[in-house]
Amino acid sequence: SSTTLLSNLNISSVFTMSVASSISGAFNVNTTSLSIAQTLSGTSTLVFNSTGTWSGSGAVTMNTNINTAGTLTISGTVTYGTNTLTYITGTLVTTSSTLSITSSCTLNTVGMSWNNVTFGASSATFTLTTDLNVGGTFTQSSGSNITFNGADVYCNGSVSVGAAGSIIQGTSDFFFAGTGTWSGNQAFASKLTITGTYTLSGTVAIRGTCTFTCTAGTMITAGSTFEIPSSSAANVVINTNQTLNNFSAGTSTITLSQALIITGTLTYLNNATITINGFSLTIGGSLTLA
């Protein structure tokens with residue numbers, strides 16, 4: 001369906017939608033609750049303006065404001081993309097919920113913390129006009145390059161990123177500030193700082209011009225591999241007082257801001273040329289040269 005607004009549409013209870021709909025016009029759809037099963041699009045602005053619930057499997061792809069004197073509960077998995085999602089004021093209950101981002105969009109949600117946030121968009125760009133706070137799990141599930149530009153991302157729970165060969169890049173800095181697990185070998189190419197306590201699971205990766213710092217946090221690295229992928233031709237900075245388990249690197253220049261200790265195996269990948277500058281490198285296990 002397609003609807004054009006000539007004034008604000010005010011819904012005192014629940015806006016329920018079972019078919020794909022477009023609502024256009026320079027006006028607001030003011031609602032207490034939203035329950036949709038298909039995509040809600042258009043040029044109008046959706047406003048949550050009272051105590052209610054956001055739920056449903058459908059995606060919201062229109063400008064959306066959370067601006068309520070009451071409480072908005074995020075129920076289950078809700079989906080957003082394309083335009084701008086803004087938090088202005090109100091109490092948000094996000095327990096056990098997931099915000100799924102399915103396409104390039106702008107996020108302006110300072111002053112609140114989401115629970116789980118999943119970025120499933122391939123080759124998308126996300127513009128952060130304010131810091132993004134993730135209280136649950138940060139997930140990148142698409143397995144392709146994604147870009148974060150603008151403000152920073154604060155992960156206060158676990159971090160699960162996609163497949164090898166893909167990159168998380170852009171001008172935004174990432175901070176792992178809580179307690180959780182870092183898994184997945186999609187490589188961070190922007191500034192990455194660990195200030196919390198994180199268990200490295202499997203292979204995790206940095207590349208590009210990444211500056212990796214863990215001086216105020218804790219890394220549990222047993223059984224893990226810290227990698228600079230073989231195809232990256234990276235120029236990375238590593239600044240940590242924590243020991244790493246296995247370390248593998250492709251062609252790269254690595255600057256150590258302080259002494260680095262590897263308790264497992266150091267592996268040079270695919271006939272790589274490695275330049276290591278700065279402080280000392282101690283290998284507690286094996287050295288494998290391709």
* Does VAL14 satisfy the condition of being under 23 Å from TYR154 (Cα atoms), β-branched (Val, Ile, Thr) and either open to solvent by less than 60 Å² (accessible area, probe 1.4 Å) or assigned to a strand (DSSP E or B) (or both)? -> no
In the stretch 250-290, residues that are within 19 Å of MET219 (Cα to Cα) and among the hydrophobic types (A, V, I, L, M, F, W, C) total 8
A careful count of residues in the stretch 101-115 that are open to solvent by 20 Å² or more (accessible area, probe 1.4 Å), part of a strand (DSSP E or B) and either free of Cβ contacts under 8 Å to residues at least 24 places away in the same chain or of a type in the set (A, V, I, L, M) (or both) gives 1
May I ask you to verify whether THR3 is touching a residue at least 12 places away in the same chain (Cβ under 8 Å), buried (at least 19 other Cβ atoms within 10 Å of the Cβ) and either in contact with a strand residue (DSSP E or B) (Cβ under 9 Å, 6 or more places away or on another chain) or assigned to a loop (DSSP other than H, G, I, E, B) (or both)?
no
Across (1) under 14 Å from the mean Cα position of the chain (by Cα); (2) closer than 26 Å to PHE15 by Cβ, THR71 clears everything bar (1)
Among THR127, THR91, THR147, THR139, the single one that is in contact with a Ser or Thr (Cβ under 6 Å, 6 or more places away or on another chain), part of a strand (DSSP E or B) and either under 22 Å from GLY202 (Cα atoms) or open to solvent by less than 10 Å² (accessible area, probe 1.4 Å) (or both) is THR139
Within the stretch 167-195, the count of residues that are open to solvent by 10 Å² or more (accessible area, probe 1.4 Å), hydroxyl-bearing (Ser, Thr, Tyr) and more than 22 Å from GLY111 (Cα to Cα) comes to 2
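The values are calculated or read from the model by the stated rules, or taken from the named source; none is laboratory data. For clarity, every value in this text was computed on a predicted model and none was experimentally measured. Backbone-built Cβ (ideal geometry, glycine too); neighbour counts: all protein chains shown. SASA here: full protein model, heavy atoms, side chains in, ligands and nucleic acids out. Shrake-Rupley method; radii C 1.70, N 1.55, O 1.52, S 1.80 Å.
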